Amino acid sequence: MDWGMKNRMSRIIKKDGHTVMLAVDHGYFMGPTTGLEKLNEMVKPLIPFADVLMPTRGALRSCISPETEIPVCLRVSGGTSILNETNLLHEG
């Protein structure tokens, strides 16, 4: 790894080789999730116990304070944005 990658990884993975990652991207792939309707209220008290946050861009911008000092590992996904018969799975 080059210097930059080592620097970023050292902020996430502690010297003992462990880290606590707080994933806050559930709504992205699970849809609305009971108990996570007010993500900002759920996440805020947990931030002091996490070594890295793993949100979506929307959760980061709407629920995480820019003053938060722990690293962020942003969820990024790719794929088609237009649904039609060729990219939908059909049963039968």
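Points worth noting:
- Annotation: lysines with alpha-carbon distance below 20 angstrom to LYS15 (same-chain offsets under eight excluded): LYS6.
- Against the empirical 2.2 N^0.38 Å (N residues), the stretch 1-65 has a Cα radius of gyration ratio of 1.28.
- Amide H within-cut-off set for CYS73, under 5 Å, with H built and near neighbours excluded: LEU53, MET54
- Extending 7 Å from Cα along the Cβ direction at ASN40 and again at ILE13 yields two label points whose distance is 3.5 nm.
- HN-Hα J in Hz across the stretch 8-18 - Karplus 6.51, -1.76, 1.60, θ = phi - 60°, x for Gly and Pro: 5, 5, 5, 7, 9, 9, 6, 4, 7, x, 10
- Fully extended contour minus Cα-Cα distance, from ILE70 to THR33, at 0.36 nm per residue: 10.8 nm
Taken together, the values in this text are just the output of simple stated rules run on the coordinates, not laboratory data. Bear in mind the structure is a predicted one, so any value in this text is a computation, not a measurement. Glycine also receives a Cβ, built like all others from the backbone with ideal geometry; neighbour counts cover every protein chain displayed.
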